[in-house]
Amino acid sequence: MKTYHHHWYVLSTRSHFEKKIANELKLQNYDVFLPLSKENRKWSDRIKKIEVPLLRSYVFVKTHPSDYYHFTNILHVPGAVRFVSFEGKPAVVADSQIEVLQRLCETGYPIQEIEVSFLPGTPVEILHGPLKGIKGTVIHANKKNLLIIRLDIIDKNIQVTLPEGIVGIQG
């Protein structure tokens, strides 16, 4: 007989439902982790520090694999959308990764999620448009698709803002 261990799964939620879902699942005796960060919010008469989800629209749930596959009570919580999966397999988060997130949240240091499409040093190729086929190396990138690409052929750095999805990692 197989024995299954509990795993951390990623539950996708409706926007602004993260805290409600985490609280409801805790009431149902699930292990839940919702990483929070502190943000200053300004109202007309004051500034207040509030806790907001670090990873918007995600809650981590530690449960038995049968709960994942049978979608017991977890997906019936209002605002729960689905479990995150890749190629039909559930996204399982290692205990060590959850522990790192927990430690980061406990420090009190300001933390925030950032999106980085391409890391410096990534070899890229422009896939579409008039620049199709140009290859280079990412020197700098930001979330507004501003890339600084080093063009290997002429040994120069070029700054260019490209539409989303036009640049791919060289294969």
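Derivation of every value follows stated rules applied to the coordinates shown; laboratory data play no part. Keep in mind it's a predicted model, so treat the numbers as computed, not measured. A quick note on method: Cβ atoms are made from the backbone with ideal geometry, for glycine too, and the neighbour counts reach across all protein chains shown.
What the table below lists for this structure:
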quantity	calculated
For ILE139, distant residues with modelled amide H under 5 Å away	GLY121, ILE148, ILE149, ARG150
Rg over Rh [alpha-carbon atoms, Kirkwood Rh] for the range 7-107	1.02
Where labels lie 7 Å past Cα in the beta-carbon direction, separation of LYS42 and ARG14 in nm	3.1 nm
Residues whose placed amide H lies under 5 Å from that of PHE83, excluding near-sequence neighbours	SER12
Contact order normalised by residue count of the range 7-107, Cα under 8 Å, 6+ apart, percent	41 percent
Under-5 Å amide H pairs with LEU54, H placed in peptide plane, nonlocal only	LEU36, SER37
